[in-house]
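*Asks:* Before I ask anything, let me first share the structure, which is written out below as structure tokens.
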Amino acid sequence: MKKPNRSQNDIPNLSAKEAAILDLLLNRPCAEMYGLELVQSSRNKLKRGTVYVTLSRMQEKGYVESRLEEQKTNVSGLPRRLYRVTGYGQRVYEACQLAREALRLRIEGLGGAL
Amino acid sequence: MRLFTSYTEAASYVKMVAEIKEPPLRMRDRLRLKVLYTFAATLLVLTLRELVKNRRLGISRAPGSTLLSIADFLFSRKTNEEITRPIIADMQFEYNEALFAGRKYKAKYIRARGLWTLFFGLGLYRLLKLLAGIFVRSTIR
């Protein structure tokens with residue numbers, strides 16, 4: 001697997017689409033999902049045209065990794081790609097969730113104070 | 001040995017042969033003939049149907065194969081592996097599913113949508129949008 005290019009000082013960032021993909025991949029019984037499955041189970045959060053661009057960017061960042069499915073003998077067509085979350089991706093997702101929760105509590109606290 | 005003594009005799013013999021009519025077919029022979037005709041017609045129809053069927057089942061290119069070859073030529077290997085090929089693979093998967101379910105028009109729709117998805121996925125949509133924006137700005141001024 002290609003090593004993601006990130007340095008020690010890089011703060012991981014997570015867009016809404018990336019968070020949605022990680023959420024879908026982490027909250028599923030099966031660890032791996034196809035891009036089409038992600039689109040179908042995202043309830044219009046993800047589009048067919050952009051999901052692979054986002055997944056490609058996430059692969060570069062090291063949040064997800066992919067592999068080609070094993071081609072069956074009686075099935076025609078190109079082999080599809082399966083995606084799964086890496087350990088780093090899971091940690092980033094959890095950190096972002098914690099940060100979002102902390103921010104929400106802080107804002108609610110400020111709202112109460114005002 | 002001579003068959004005819006004169007030309008007149010020969011001519012009368014030919015005339016007699018020409019006037020001979022075939023006896024009418026018996027009921028059993030007519031039935032046999034009808035069965036034979038029916039069998040031949042059925043065979044012909046079945047052969048024609050098989051020919052048409054074979055033509056339908058003939059080897060044809062998978063949907064997206066032309067797009068794939070164009071994309072292989074235009075874009076980098078990384079882009080093709082991570083964006084183009086998965087989009088085409090998804091399209092082929094959905095297309096095959098629709099055909100398997102006998103939904104011919106849905107298969108056609110999936111093919112058209114696959115083209116659009118690929119177009120969108122590769123950012124050409126944005127490029128066109130940018131060009132359209134430039135065109136609009138230039139015409140307003």
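Only the coordinates and a few stated rules stand behind these numbers; no lab work does. What you see is a predicted model, and the numbers here were worked out from it, not measured in a lab. FYI the Cβ positions are ideal-geometry reconstructions off the backbone, even for glycines, and counts take in every protein chain you see.
*Asks:* Which aspartates and glutamates have a Cα lying under 13 Å from the Cα of A:Lys61, excluding residues fewer than 8 positions away in the same chain?
*Replies:* A:Asp10, A:Glu18
*Asks:* Further question: Counting Lys +1, Arg +1, Asp -1, Glu -1, what net charge surrounds B:Asn96 among other residues with beta carbon under 13 Å of its beta carbon?
*Replies:* +3
*Asks:* What does the charge add up to near B:Lys106, with Lys and Arg as +1, Asp and Glu as -1, over the other residues with Cβ less than 11 Å from its Cβ?
*Replies:* +3
*Asks:* Cβ under 11 Å from A:Ser15's Cβ, A:Ser15 left aside: what net charge do those residues give with Lys, Arg +1 and Asp, Glu -1?
*Replies:* +2
*Asks:* Indicate the gyration tensor shape class of chain A (rounded, prolate or oblate), computed on the Cα atoms with a ≥ b ≥ c the square roots of the eigenvalues: a/c under 1.5 is rounded; otherwise a/b larger than b/c is prolate and the rest oblate.
*Replies:* prolate
*Asks:* At what distance in nm do the modelled label points of A:Asn44 and B:Asp29 sit from each other, each positioned 7 Å from its Cα along Cα→Cβ?
*Replies:* 8.0
*Asks:* So what's the convex hull volume per residue for the Cα atoms of region B:65-140, in Å³?
*Replies:* Cα-based convex hull of region B:65-140, divided per residue, equals 97 Å³.
*Asks:* Same structure again: Would you tell me the mean number of C-beta atoms belonging to other protein chains that fall within 10 Å of each C-beta in A:51-59, as a whole number?
*Replies:* 4
*Asks:* For chain A, what does the helix formula give at 222 nm: sum of -39500 (n - 2.57) over DSSP H segments with n ≥ 4, over the residue count, nearest 500 deg cm²/dmol?
*Replies:* -16500 deg cm²/dmol
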